[in-house]
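Some notes on the structure that comes next.
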Amino acid sequence: MKISLSYKTVFVIGITALALLFGGCDWIKGKGDAAAKSGGLPVFAVNTSTAVQGQIWDYLALSGDIVAGTTVDVYSDVAGKVSRLYVDVGSRVVRNAPVAAVDPSKPGMTYVPGIAKAPITGTVVSLPAQVGMTVTQTVPLARIAGSVKGNALEIELHVAERFISKIDMALPCIITLDAYPGETFRGSITEVSPVVDPVSRTMDVKVNVDNPGSRLKAGMFAKVQIITEQKEGIVKIPASAMVERFGENYIFVVETDPADPAFKIARRKKVTPGILIDGVLEIQSGLSPNEEIIVRGQTLLEDGARINIIEKTAPLSADH
């Protein structure tokens, strides 16, 4: 097919081609500016951060329901009619506080009402008894959730068999709930089952939970981090900063070029890694706190390569 172009169209195409040609030359020149300023040596663009000294911990993430630490039913010592209730559902009671009065009187005989008392300190979570109701010594009047030590809530967890070796009594726990986003609660392991369920291959564990202000309620769903290993005063960095070559681990740090103080270079350091948790890596040896490290652009670097720092990212928090 034959295409005819006007002189005007040819002129526009020619001008555009020239603009692209000279613009491309300027772009190529810009790419070579850094190398030209460095005497022709290649300069690598990198991002850096700072090694931090702080804490790190390993944890086991589980979830479970909050339950009352102890649940005890209240019974009357005598049979008769409930003549008075001293509590309501949700009432806070102490041990030996009156819960209900039961009148054992019969037609023609009058007796002193028997007082059913709270066997433990806690919160009334159920109150099946009603005034006028006839009860026997086997009918529960109320149910109290709590413990002999006061307010106590627990979280029931099921630990897979492969993690059993990491579980021990009194291990600290960090607890979060959807009901209180952004907040954390503390607890610890208080009970470890001596057996493993042969069907589910799990072991039952109970974690107590601090409940300031009584905001947590039995029945809530909780996410729990059991802290299985905790270290203080270690050096830590973003895990992506480490480079593995030929079976050895390296970190590139930033130093001033001894040949020309106007430039920075990447100095390779062999390191020994430790715990890796959520993208945070412990460095056991080979790196000091506050050293400036390369966290991006380091994969192609060699020892002594000149670098151009494009961005310095914020260091990790000293806390976990």
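What to note about this one:
- When residues in the range 256-295 are screened for being out of contact with any Asp or Glu (no Cβ under 8 Å at 6 or more places or on another chain) and among the charged types (D, E, K, R), 7 of them pass.
- Of all residues making up the range 48-105, the number that are under 30 Å from Val253 (Cα atoms) and charged (D, E, K, R): 1
- Val295 being aliphatic (A, V, I, L, M), at pLDDT 95 or above and out of contact with any helix residue (DSSP H, G or I) (no Cβ under 9 Å at 6 or more places or on another chain): no
- Filter pass, Ala318 being small (Gly, Ala, Ser), at pLDDT below 95 and surrounded by 12 or more Cβ atoms within 10 Å (Cβ to Cβ): yes
- If you go through the range 124-173 and keep only what is among the hydroxyl-bearing types (Ser, Thr, Tyr), surrounded by 14 or more Cβ atoms within 10 Å (Cβ to Cβ) and in contact (Cβ under 8 Å) with a residue 60 or more places away in the chain, you end up with just Ser147.
- Answer residue from the range 210-226, given it is surrounded by fewer than 16 Cβ atoms within 10 Å (Cβ to Cβ) and either under 30 Å from Val52 (Cα atoms) or among the polar types (S, T, N, Q) (or both) and is nearest to the chain's Cα centre (by Cα) among those: Lys223
- Any pair with Cβ under 6 angstrom, 6 or more apart, that starts in the range 98-110 at a residue that is assigned by TED's automatic domain parsing to the domain that holds Val135 and closer than 18 Å to Tyr86 by Cβ and ends at one that is hydroxyl-bearing (Ser, Thr, Tyr) and assigned to a strand (DSSP E or B): Ala101/Ser83; Asp103/Ser83
- All of Val102, Val112 fail the test of being part of a loop (DSSP other than H, G, I, E, B) and either under 30 Å from Leu281 (Cα atoms) or among the hydrophobic types (A, V, I, L, M, F, W, C) (or both), apart from Val112.
- Search result, residues across the range 296-320 that are β-branched (Val, Ile, Thr) and under 29 Å from the mean Cα position of the chain (by Cα): Thr313
- Matching option when the condition is closer than 25 Å to Asp168 by Cα and in contact with a Phe, Trp or Tyr (Cβ under 9 Å, 6 or more places away or on another chain), among Ala241, Ala222, Ala266: Ala222
- Lys264 falls short on exactly one of the conditions (1) of a type outside the set (A, V, I, L, M); (2) assigned by TED's automatic domain parsing to the domain that holds Thr50; (3) surrounded by 14 or more Cβ atoms within 10 Å (Cβ to Cβ); (4) closer than 24 Å to Trp57 by Cα, and that condition is (4).
- Leading residue by the ranking (nearest to Glu232 (Cα to Cα)) among those in the range 258-311 that are in contact (Cβ under 8 Å) with a residue 40 or more places away in the chain and among the small types (Gly, Ala, Ser): Gly274
- Residue list for the range 298-315, filter: closer than 17 Å to Ala51 by Cα, surrounded by 11 or more Cβ atoms within 10 Å (Cβ to Cβ) and not polar (S, T, N, Q): Ile309, Glu311, Lys312, Pro315
The values are calculated or read from the model by the stated rules, or taken from the named source; none is laboratory data. Here the structure is a predicted model, which means the values were calculated and not measured. Because the Cβ atoms are built from the backbone with ideal geometry, glycine has one as well, and the counts that use them run over all protein chains shown.
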